[in-house]
Amino acid sequence: MITFYPGPSKVYPQVADYAADAIRQGVVSLNHRSAGFMEIVKETIQLLHEKLDIPADYHIALVSSATECWEIVAQSLTAEASLHPHSGAFGKKWAEYAYRIKPPMNLSEADVLCIVQNETSNGTQVSMPTLAQFRRDFSGLIAVDAVSSMAGIAFDWSLADVWFASVQKCFGLPAGLAVLIYSPAALKKAEQIGENAHYNSLLFIHENFSKFQTPYTPNGLGIYLLMRVLQQVPPIRAVNATTKKRAAEWYAFFENELAGSHGAEPRFKLLNSEAGIRSDTVIAVQGPEAAIKAIKTAAQQVGITLGNGYGDWKNTTFRIANFPAITDEEIETLKQFLLSYQ
């Protein structure tokens with residue numbers, strides 16, 4: 001089965017061998033306070049800095065999920081209130097979750113701006129120039145949910161104070177682990193707030209990761225697999241070039257090749273007509289509800305999994321992951337299927 005589901009998505013095939021190595025070498029049985037496990041954490045953090053070009057003064061921690069990162073931002077980094085401009089379902093969910101933890105009593109005094117860089121539900125993204133404008137206009141911390149784009153495209157890390165992503169998308173790994181990146185300014189803000197009442201309070205997390213330890217028994221296998229995948233992947237500049245080239249080809253395919261093959265009025269069109277907001281890593285395609293259901297079923301029958309729609313677009317879109325673990329051959333197979341589908 002070839003999967004284009006946008007998360008959990010395809011894992012690198014080498015992950016099976018890496019998992020077997022972890023079991024054979026006893027990695028999964030290591031105490032998380034042991035020297036051996038601390039070395040794995042240390043190398044993983046070093047590789048994240050190196051392969052993703054993360055500034056040396058930005059801190060890195062490993063937690064359970066991006067949803068946990070929403071909680072950490074609300075608990076440990078929000079003194080007054082957070083602002084959540086959003087264009088889709090995941091941005092809305094983040095706002096709802098944050099406001100349960102930190103009710104928005106006075107948004108005019110908001111000290112954290114929360115941005116979903118890549119809105120998976122509708123295939124849109126916030127560009128670096130747009131994020132730079134937020135940086136110029138907002139004086140507080142900026143936190144970025146980069147779940148569907150981290151390790152797939154390059155970021156200007158200086159444009160935000162907190163970045164986070166789960167690994168089941170562009171990292172090409174199974175779900176159950178997330179990367180949390182935070183600036184010196186974010187750490188200073190956490191120290192000023194002084195929130196240390198939870199197992200995942202940022203101060204407690206930072207205290208542990210400064211020693212290459214974790215505050216609780218972690219997903220040790222997931223951390224090891226992340227280390228091994230980071231060892232194999234190219235630097236982010238190379239990955240970014242490939243991702244953006246493939247994205248441009250996907251958008252051209254739907255606008256030109258597919259449209260031309262089905263007459264003047266194709267059944268399936270790109271959800272977003274404005275090229276400047278289209279995601280590089282998740283392509284959203286719209287069509288009549290019955291046609292969307294039929295094409296997903298037909299694809300499944302020939303061994304291809306298309307992503308379901310989500311939120312307001314649940315029944316009228318399918319989504320295609322454009323993640324690094326997906327091969328050119330798999331992309332070509334899907335394109336040929338779409339061209340032949342009647």
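The numbers here are math on the coordinates, done by the rules we state, and not lab data. Given the structure is predicted, the values throughout are model-derived calculations rather than measurements. Every residue, glycine among them, receives a Cβ derived from its backbone with ideal geometry; neighbour counts consider all protein chains shown.
Observations, loosely collected:
- Folded to 0 to 90 degrees: helix 35-52 orientation relative to the chain principal axis, Cα: 50
- Fewest-first ranking of ASP21, ASP111, using other Cβ atoms within 10 Å as the exposure measure: ASP21, ASP111
- Cα-based Rg and Dmax for region 270-318, where Dmax is the largest Cα-Cα distance (Å): 11.4, 34
- By the count of other C-beta atoms within 10 Å, a proxy for reagent exposure, THR316, THR120 are ordered fewest to most as THR316, THR120.
- Relative contact order computed over the chain (Cα-Cα under 8 Å; 6+ residues apart), in percent: 25
- Sequence-separation-based contact order of region 1-150, relative, with Cα cut under 8 Å and 6+ spacing, percent: 18
- Using alpha-carbon coordinates, inclination of helix 128-137 to the longest axis of the chain, degrees: 50
- The calculated Kirkwood hydrodynamic radius for region 1-90 is 17.0 Å, given to one decimal from all distinct C-alpha pairs.
- 0 to 90° range, to nearest 10: angle between helix 89-101 axis and the chain longest Cα axis: 30
- Rg over Rh for the chain works out to 0.98, using Cα positions for both radii and the Kirkwood form for Rh.
- Ranking of ILE115, ILE2, ILE153 by count of other Cβ atoms within 10 Å, fewest first: ILE2, ILE115, ILE153
- Coarse-grained scattering of region 71-185 at q = 0.22 Å⁻¹, given as base-10 log I(q)/I(0) from a Debye sum over alpha-carbon atoms: -1.38
- Violating pairs (Cα-Cα greater than 23 angstrom) within the set LYS42/LYS93; LYS10/LYS244; LYS51/LYS93; LYS93/LYS188: LYS42/LYS93; LYS51/LYS93; LYS93/LYS188
- Scaled against the 2.2 N^0.38 Å expected of a compact globular protein of N residues, the Cα radius of gyration of region 44-96 reads 1.40.
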